[in-house]
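Take a look at the structure below.
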Amino acid sequence: MATKNTSVSRDFTDYCCELLVSAGPCVARRMFGGWGISTGGLSLAIIADLGEGERLYLKADAATRAAFEAAGCAQFVYLAKGKPMAMNYYTAPDEAMESAALMQPWARLALDAALKASAGRTRTKVPASKPRPAGTPARRRPATGT
């Protein structure tokens, strides 16, 4: 775990998007000195340099965490107010960084975790109009005559 967060190059970010093409068309956006990568509105990866060089971190969840750990992938951990904070993102395996074909199964795991996270979110519904106080009749529109 490092405390330093340096800037990540656009070239590395573009390369990571090319590697993740099997998950869908990727969009990279600046995020806290690094980049967030999404496809179809789903966040599936982040890119950061925590002082150990630029690294691609893929989204994981309870079902996929073991696969990342078995492959020797490191969890994304940063310092917040002097305390280590871990996120559900793991480095991509070194060999997967060599080609889109080798990244494909890992990109799929990240996409699956992103889909599950999205399905688990609850959305707040906005009422179509203000509710009427009890006992108040509905307003009627004046009739238009011909």
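Derivation of every value follows stated rules applied to the coordinates shown; laboratory data play no part. Keep in mind it's a predicted model, so treat the numbers as computed, not measured. Every residue, glycine as well, gets a Cβ built from its backbone with ideal geometry; the counts of neighbours run over all protein chains shown.
A few comments on the model shown:
- Loop-located trypsin sites (Lys or Arg not before Pro) in the range 30-105 whose Cβ has at most 11 other Cβ within 10 Å (DSSP): Lys81
- Proximal charge balance of Phe68 [Cβ under 14 Å; K/R count +1, D/E count -1]: -1
- Local charge for Ala96 was computed over the other residues whose Cβ lies under 13 Å away, with Lys and Arg +1 and Asp and Glu -1, and equals -2.
- Zone of Tyr15's modelled label, taken as backbone nitrogen in the range 46-61 under 20 Å from a point 7 Å along Cα→Cβ: 46-59
- Residue-span extension gain [Phe32 to Met97] - 0.36 nm each, minus C-alpha spacing: 21.1 nm
- Those aspartates and glutamates that a straight Cα-Cα span of less than 16 Å connects to Lys116, excepting residues fewer than 8 apart in one chain: Asp61
- Karplus (6.51, -1.76, 1.60) ³J(HN,Hα), θ = phi - 60°, over the range 100-109, in Hz, Gly and Pro reported as x: 5, 5, 6, 7, 3, x, 6, 5, 5, 4
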